[in-house]
Each structure stands twice: as C-alpha cells, then as structure tokens.
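Trainee: I have a structure I would like to understand better, so I am pasting it below and will then ask my questions one at a time.
The values are calculated or read from the model by the stated rules, or taken from the named source; none is laboratory data. Just so it is clear, the model here is predicted, and its values are computed rather than measured. Positions of Cβ are generated from backbone atoms using ideal geometry, with glycine treated the same way; all protein chains shown enter the neighbour counts. Ligands, DNA and RNA are excluded from the accessible area calculation, which covers all protein heavy atoms including side chains. Shrake-Rupley method; radii C 1.70, N 1.55, O 1.52, S 1.80 Å.
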Amino acid sequence: MKKIEVLISEEEIKKIIKEISAKILKDAEKNKCRELNFITVLEGARRFSEDLRKIIFEETKGKLNINNYNIKISSYQGTKSRKLKLEKEIKENLKKKNVIVIEDIIDTGKTVLFLKNYLLKEKRVASLKIASLLSKPSRRIVDVKISYLGKEIPDVFVIGYGLDKDGQFRDLNYIGFIK
Ligand code: IMP
Ligand code: MG
C-alpha cells in the first residue's frame with residue numbers, strides 16, 4: 001500500500017465548506033433569492049455538494065428552497081483531444097433559473113466550459129455560477145470564473161473526499177495525494 005500524504009485535513013474541509021456556504025447565502029440575501037438551484041457534477045462533487053447543502057439548509061432553517069440536480073459527464077480520449085460526453089442529463093425544466101454548478105475540482109476548465117454550453121444553450125438557464133472545492137490554476141487551458149472557491153492547490157493528483165483515482169479513495173475524509 002502506497003503512502004498517502006494529507007493535503008487538506010478533515011477540519012480544514014469543514015472550515016472551507018462553512019466559508020463557501022456563508023458566501024452563497026450572503027449573495028442569495030443580496031439578490032433576494034427565494035430558492036437556490038444547485039447542479040452537482042457526479043461523482044466527484046457528491047460529498048462536497050451534500051455537506052454544503054446540509055449546512056445551507058441548517059443555516060436558513062428551511063426558509064430557502066434548496067433544489068439539487070445531478071449531472072454526470074464522462075470523458076474519453078479522442079484522436080486529437082479529450083472528448084466530453086453527457087452521461088446523465090437533467091430531465092427537469094431549468095429555463096430562466098439561476099443555477100450554481102458544484103464541482104470537486106477545476107483542472108483544465110474544459111468540463112466547466114462544456115457544462116456552461118449545455119446549461120445556457122440547451123437548458124436555457126438565466127445565469128450560472130461556479131462553486132468548486134478545489135482549483136489547479138497552473139493547469140488551466142480554458143478561462144473559468146469561479147464565484148465560490150475552496151482552495152487553490154498545486155499541480156498534484158489529489159484523492160479523497162469524493163475525489164477518486166480509478167474509482168478508489170473517494171471515502172477518505174481528507175484530501176491527499178499518493179507519494
Ligand atoms: P477539467 O475538465 O480538466 O477541469 O477536469 C475536471 C475534472 O477532472 C474534475 O471534475 C475531476 O473529476 C477530474 N480531476 C481533475 N484533477 C483531478 C485530481 O487531482 N483528482 C481527481 N480528479 C481530478
Ligand atoms: Mg468533477
């Protein structure tokens with residue numbers, strides 16, 4: 001078994017999620033929102049999304065409608081570049097809704113670009129913001145505006161807290177990398 005180095009502890013993850021939820025709620029209040037519509041990018045962001053929504057629910061005591069829609073994107077290597085494909089669509093009508101996409105990590109930014117096109121052009125959402133637990137700015141190919149960001153990390157492949165390597169390590173309560 002290879003050794004896993006801790007990059008972000010369980011405590012730090014909790015703190016980050018509290019900070020993100022506070023920012024989302026501050027904006028929601030400022031914009032007089034009555035509902036929050038989240039789009040969770042499976043599988044990686046599932047845990048982060050659940051914990052974030054739990055805190056937001058507790059903080060607002062159910063006064064805000066919190067909706068969540070799951071989406072799944074698969075990527076495969078094409079002849080020239082990595083291709084993205086919708087694996088699980090959103091059936092519900094999102095026309096004219098303001099949505100917040102919840103991602104685990106923004107790497108090249110291509111997944112977010114793909115999602116933006118889908119949500120704005122096909123689902124016809126009114127606006128879209130990005131919440132991401134992690135970001136690797138040094139890897140960016142496509143420019144992405146992250147409205148709610150947990151933490152910037154260096155160019156290492158991270159695992160844990162929903163993030164996997166070949167389907168493994170999602171259940172770790174911290175985020176780390178294999179040495
Ligand atoms: P992007 O399209 O290059 O921004 O890649 C984003 C997706 O790649 C994320 O949603 C993750 O699923 C995956 N990914 C990128 N970096 C990592 C990592 O360090 N650990 C686990 N998954 C990653
Ligand atoms: Mg992801």
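Trainee: Probe radius 1.4 Å, ligands and nucleic acids ignored: give me the carbon and sulfur share of the accessible area of region 11-156 as a rounded percent. Working shown, then result.
Mentor: Details: 4030 of 8580 Å².
In region 11-156, the share of accessible area belonging to carbon and sulfur is 47 percent.
Trainee: Here's another thing I want to ask about it. Short version: ³J(HN,Hα) in whole Hz for each residue of region 17-26, in order, from phi by Karplus 6.51 cos²θ - 1.76 cosθ + 1.60 (θ = phi - 60°), x for Gly and Pro, what are they?
Mentor: 5, 4, 5, 5, 4, 5, 5, 4, 5, 5
Trainee: Please list, in chain and number order, the residues 5+ apart from Ile39 or on another chain whose amide H is under 5 Å from its amide H, with Hs placed from the backbone.
Mentor: Long-range HN contacts for Ile39: Tyr69, Ile100, Val101, Ile102.
Trainee: Let me ask something else. Subtract the Cα-Cα distance of Lys26 and Lys88 from 0.36 nm times their separation in residues, and report this length gain in nm to one decimal.
Mentor: Going from the current span to full extension adds 19.2 nm.
Trainee: Determine the dipole magnitude for region 11-156: charges of +1 sit on the beta-carbon of Lys and Arg, -1 on that of Asp and Glu, nothing else is charged, the reference point is the Cα centre, and the result goes in debye to the nearest 20.
Mentor: 600 debye
Trainee: Accessible area per residue for the chain in Å², computed with a 1.4 Å probe and the full protein assembly in place, what is it?
Mentor: 60 Å²
Trainee: Per residue, how big is the convex hull of region 1-66 when only Cα atoms are used? Give it in Å³.
Mentor: Enclosed volume per residue, from the Cα hull, is 99 Å³.
Trainee: Quick one: pull the percentage of alpha-carbon pairs in region 77-132 with a separation above 16 Å.
Mentor: Working: 718 of 1540 pairs.
Percentage above 16 Å: 47.
Trainee: Further question: Return the distance in nm (one decimal) between the two label points of a simple spin-label model at Arg140 and Ile178, each offset 7 Å from Cα along Cα→Cβ.
Mentor: So the two model labels end up 2.9 nm from each other.
Trainee: How charged is the neighbourhood of Ile4? Take every other residue with its Cβ under 15 Å from the Cβ of Ile4, and add Lys/Arg as +1 and Asp/Glu as -1.
Mentor: Around Ile4, the charge tally is 0.
Trainee: Normalised by the empirical 2.2 N^0.38 Å for globular proteins, what value does the Cα Rg of the chain take?
Mentor: Against the compact-globule rule of thumb, the ratio is 1.02.
Trainee: Report the residues of region 139-179 in range of a label on Arg46: point 7 Å along Cα→C-beta, backbone N strictly under 11 Å from it.
Mentor: 162-163, 170-171, by backbone N distance to the label point.
Trainee: Next question, about the same structure. What whole-number value in cubic angstrom gives the convex hull volume per residue for the C-alpha atoms of region 95-178? Numbers along the way, then the final one.
Mentor: Numbers: hull volume 8.8 nm³, N = 84.
Spelled out: Cα convex hull of region 95-178, divided by residues, is 105 Å³.
Trainee: Just to make sure I understand: if all protein chains stay in place, what is the order of Thr40, Thr111, Thr79 by accessible area at 1.4 Å, largest first?
Mentor: Thr79, Thr111, Thr40
Trainee: Continuing with this model, one more query. Taking the Cα-to-Cβ direction at Lys165 and at Lys3 and moving 7 Å from each Cα, how far apart do the two end points lie in nm?
Mentor: So the two model labels end up 1.4 nm from each other.
Trainee: Right, next: Identify, among Ile16, Leu36, Thr60, the residue whose Cα sits farthest towards the positive end of the charge dipole of region 11-156, taking +1 on the Cβ of Lys and Arg and -1 on the Cβ of Asp and Glu, with the dipole about the Cα centre.
Mentor: It is Leu36, whose Cα lies furthest towards the positive end.
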